[in-house]
Amino acid sequence: MPEGKFHGKRIVLGVTGSIAAYKAVSLVRTLVREGGDVSVVMTDSATRFVAPLTFEVLSQHPVARDLFSNHEVMPHLTLSESADLFLIAPATANTLTKCALGLADDLLSTMVLTARCPLIVAPAMDGGMWDHPTVVEHTRVLRNRGVIVLDPEEGPLASGHHGVGRFPEEEKILGAMISVLLRRCDWAGHRVLVSAGPTREPIDAVRFISNPSSGKMGYALARAAADRGAEVVLVSGPTGLPKPAGVDFVSVVTAEDMHQALAAKFSWATMLVMAAAVGDFRPRYPSRDKIKKKTWTGEPVEVEETIDILKALSPQRTHQLMVGFAAETSNLVENGKEKLEQKDLDLVVINSVAGPQSAFGDDTNEVILLTRNGEITCLDRMPKRALADRILDKVQTLTARVRQDIGRPSVQARSV
């Protein structure tokens, strides 16, 4: 029988008092079938939904329920210290809050404080709870600490309501576990500089010119590179996204802000990924005060071009590999090729921002990868986090060749 995905991995599964506890039974069966060594920890309220004996039979281990268990001495230490992964599924709003605040009033919450392995939390709660400001804040705190908190699903809930709070699909949980337990370190030694999000160019004290970029693709690339062992600096325009764990974060607003931040780290980087949607124009004479409607004369706002960051940095490269993004509405390959050549890039990622399938704001995307030597790769629509890994995979195939080309003249120099 072939070894499973989790062969040799010790997994601690925390089960809390949610109606979704019954779904953890299927999860344990899957983990064991895939070779995982699973130990289950249950809260008292969880045992009201599923009998501990069910998990003991499936996992072939006693279920740990309290700090004074008869099975092990100091289970909060012995279980967590030997684990490769700690998964809490389902996690109630109460459990999520205790994890964020560092409360330790039972075995499971105490183990969260003693564990030194990665922690994944799969929430399940009633409608309205996931969006409650307290839960939103505690989720943000956990994610900033590096905890992987999955988003619950939307649909019918046990209360009869419809909303966000359903236990994440098993495949989603398994995918998160695989990304942690089977993490590749093929980017160790690389120093990756990533830009993300939109820029804002002020018209007056309260108005600005911008674009709909959400920053999701750049953030996904930063997380992917960090997960694969790289040192990462993320320079981001204004977004509503949480700062990725394990990444140095620099917040900027305007195109000039972003240029200065990237230029300051460019010599450090081995690779620049310019995923930000930098505005091409800015008002030439922004007002320091709010322009009142009654005082506006009707004159159009005079604009000027912003700095072309890639074009400015490209002549300064000594060893850096450079990846650009081309957001296009038509003639994708032709426009992408022009950008690659004009800005002396090694790879350009071309995506469409036209129509309902626009890359802006969506959690998924489909792109065309175009390399310096004319190789074209079309990637079908997929989650942006998965797409980030595919882009990094393609970059790896270019690395050796780019290293041989260090010191080559830039496009501008060659055209003289």
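Observations on the structure shown:
- So GLY229, is it of a type outside the set (Ser, Thr, Tyr), free of Cβ contacts under 8 Å to residues at least 24 places away in the same chain, at positive phi and surrounded by fewer than 23 Cβ atoms within 10 Å (Cβ to Cβ): no
- Number of the condition not met by GLU171 [criteria: (1) touching a residue at least 40 places away in the same chain (Cβ under 8 Å); (2) among the acidic types (Asp, Glu); (3) under 30 Å from LEU31 (Cα atoms)]: (1)
- Restricting the range 241-253 to residues that are touching a residue at least 24 places away in the same chain (Cβ under 8 Å) and over 13 Å from the mean Cα position of the chain (by Cα) leaves a set whose member that is surrounded by the most Cβ atoms within 10 Å (Cβ to Cβ) is VAL252.
- Condition met for GLU56 (more than 21 Å from ASP126 (Cβ to Cβ), of a type in the set (D, E, K, R) and modelled with pLDDT of 95 or more): yes
- Selection of the range 270-292 for residues being without any contact (Cβ under 8 Å) to a residue 40 or more places away in the chain and closer than 16 Å to VAL192 by Cβ yields an empty set.
- Any hit, the range 124-133, residues being surrounded by fewer than 20 Cβ atoms within 10 Å (Cβ to Cβ), modelled with pLDDT of 90 or more and touching a strand residue (DSSP E or B) at 6+ places or on another chain (Cβ under 9 Å): yes
- Residues located in the range 1-26, provided they are hydrophobic (A, V, I, L, M, F, W, C) and touching a strand residue (DSSP E or B) at 6+ places or on another chain (Cβ under 6 Å): ILE11, VAL12, LEU13, VAL15, ALA20, ALA21, ALA24
- Qualifying residue in the range 144-153 (condition: of a type in the set (D, E, K, R), modelled with pLDDT under 90, out of contact with any Cys (no Cβ under 7 Å at 6 or more places or on another chain) and over 20 Å from SER18 (Cα atoms)): yes
- Hey, SER267 under 22 Å from SER314 (Cα atoms), among the small types (Gly, Ala, Ser) and touching a residue at least 24 places away in the same chain (Cβ under 8 Å) or not: yes
- Residue ID - surrounded by the fewest Cβ atoms within 10 Å (Cβ to Cβ), chosen from residues in the range 388-400 that are among the hydrophobic types (A, V, I, L, M, F, W, C) and over 14 Å from SER179 (Cβ atoms): ALA400
- Test: residue in the range 132-151 that is assigned to a strand (DSSP E or B), farther than 30 Å from PRO286 by Cα and not basic (Lys, Arg): yes
- In this entry, VAL192 passes the filter for residues that are in contact with a helix residue (DSSP H, G or I) (Cβ under 9 Å, 6 or more places away or on another chain), at pLDDT 90 or above and more than 30 Å from PRO286 (Cβ to Cβ).
- ALA104 being buried (at least 19 other Cβ atoms within 10 Å of the Cβ), of a type outside the set (Ser, Thr, Tyr) and not in a strand (DSSP E or B): no
- In the range 198-237, of all residues being part of a loop (DSSP other than H, G, I, E, B) and basic (Lys, Arg), the one that is modelled with the lowest pLDDT corresponds to ARG228.
The values are calculated or read from the model by the stated rules, or taken from the named source; none is laboratory data. Predicted model only: the values in this text are computed from it and were never measured. Glycine also receives a Cβ, built like all others from the backbone with ideal geometry; neighbour counts cover every protein chain displayed.
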